Amino acid sequence: MSLQITCTTTTIQNGEEMYRILKPPRTDVLVMTPWFAPIVWDGTFDIDLLDYKFKMRNVTIGLTVFAVKKYIIFLQGFIESAENYFMQGHQVNYYVFTDQPEAVPQMNLKPGRNLVLLVVQSYPQWQEISMHRMEMIYLFIQKRFKKEVDYLVCVDVDMTFSDHVGVEILDNLFGTLHPAFYDTNPIEYTYERRIESEAYIPFYEGDFYYAGGFFGGKLKEVFLLTKRCHEAIMKDKNNEIEAIWHDESHINKYFLNHKPTKILSPEYLWDNDMGNRNILRKKRFLAVRKNHKAIRS
Ligand code: 48C
């Protein structure tokens, strides 16, 4: 780990000045929310500085992923891509929740990285499986994760890492902008609009529309988020209502009342079916093409 020498006002890298007060690194996108949470885009961070800082703190990062029923087919590609791009050089525990432990392939991991298999039950409805992730994550934080990791990152499995995803994403509590809504009028956000649901957000409220497939933060913060979302989901179930986009609706409600301290740009969750954008200099975490109907049956 080379020690990065940084002058007080600028960081010299590749012979050019990286950061000057009057020369912002990005002027094409929003890089800070009105509540002073950074929005992470390529060019807005110095990974060597951040790696050094987190290395000195000797952090361990947990990555939770659920591969239940037919979604088990995505697991090997997911883990292989994480080995290449996720938190390179840091301590990582992959927490794989599955109903088919025997179907999990043997994988050779790089030093400092472990794969932990956690057996969970499956449910008839794919929506149930998706929503019960909240319950499983908060229960295992208490049972196990709190002794093992400092940060937790919770993602969908039908994805592959396709570029650097590192410690720049870590903060107390972070969410990710949903690729379909980062540039739409908030009135078009697919929030839950029925007042009977715990996930209800009225039309005049809402900051951003966050994706359910990538969130995380310090263990305590993720515990509070997952516990609250699980309780809200169960309350809705008792009231015989299911939020329009399931756990994603509840995450959006939680982030309305507990603002994330960092937001990941759509670089961190993209679908190539949506093509390219000039503002997307990197596509770091990509949806795997799939026949939703087939793998959810
Ligand atoms: O593991 C499963 N099995 C299922 O039958 C349905 C969902 N899931 C988990 O929930 C996977 O980890 C999925 O990535 C996640 C729900 N997300 C999706 O199905 C699309 N990424 C929207």
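Okay, here's what the table says:
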read-out: Region 200-297: chymotrypsin sites (Phe, Trp or Tyr not before Pro) in DSSP coil with no more than 14 other Cβ atoms inside 10 Å; value: F203, Y204
read-out: Of all DSSP beta bridges in region 95-252, antiparallel share, percent nearest 5; value: 60 percent
read-out: Projected label distance in nm at K23 and E196, using a 7 Å step from Cα toward the beta-carbon; value: 5.9 nm
read-out: Simple Cβ-charge dipole of the chain, Lys/Arg +1 and Asp/Glu -1, about Cα centre, in debye nearest 20; value: 540 debye
read-out: Dipole moment magnitude, nearest 20 debye, region 139-297 about Cα centre, only Lys, Arg, Asp, Glu C-beta charged; value: 500 debye
read-out: Estimated FRET transfer efficiency when R0 is 51 angstrom, pair Q106-L256 (beta carbons, to 0.05); value: 0.75
read-out: For peptides 20-28, 257-265, 98-106, sequence by mean Cβ density within 10 Å, most packed first; value: 257-265, 98-106, 20-28
read-out: Among E188, E242, E168: highest mean-square fluctuation, GNM of the chain, C-alpha pairs under 10 Å; value: E188
read-out: Hits among lysines - C-alpha to C-alpha of K143 under 28 Å, sequence gap 8 or more where chains match; value: K55, K69, K70, K110, K218, K220, K227, K235, K237, K253, K259, K262
read-out: Contour minus Cα-Cα distance for V119 and S297 (0.36 nm per residue); value: 62.0 nm
read-out: Magnitude of the charge dipole, region 235-297, Cβ model with Lys/Arg +1 and Asp/Glu -1, debye to 20; value: 400 debye
read-out: Inverse of mean 1/r across different Cα pairs in the chain, Kirkwood, Å; value: 20.1 Å
read-out: Accessible area expressed per residue, the chain, with surrounding protein chains retained (probe 1.4 Å, Å²); value: 49 Å²
read-out: Cα→Cβ-extended label distance, 7 Å offset, between N185 and L30, nm; value: 1.6 nm
read-out: Two-decimal Rg to Rh for region 219-285 - Kirkwood Rh, Cα set; value: 1.09
read-out: Mean separation of Cα contacts under 8 Å (6+ apart) over length of the chain, as relative contact order %; value: 21 percent
read-out: Virtual spin-label span in nm between Y52 and D163, 7 Å along Cα→Cβ; value: 2.5 nm
read-out: Within the accessible area of the chain (1.4 Å probe), percent carbon and sulfur; value: 53 percent
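The values are calculated or read from the model by the stated rules, or taken from the named source; none is laboratory data. A quick note: this is a predicted structure, and the numbers were derived from the prediction, not measured. When we count neighbours, we look across all protein chains shown, and the Cβ atoms used for this are built from the backbone with ideal geometry, even at glycine. Side chains included, ligands, DNA and RNA excluded: accessible areas come from the protein's heavy atoms. Shrake-Rupley method; radii C 1.70, N 1.55, O 1.52, S 1.80 Å.
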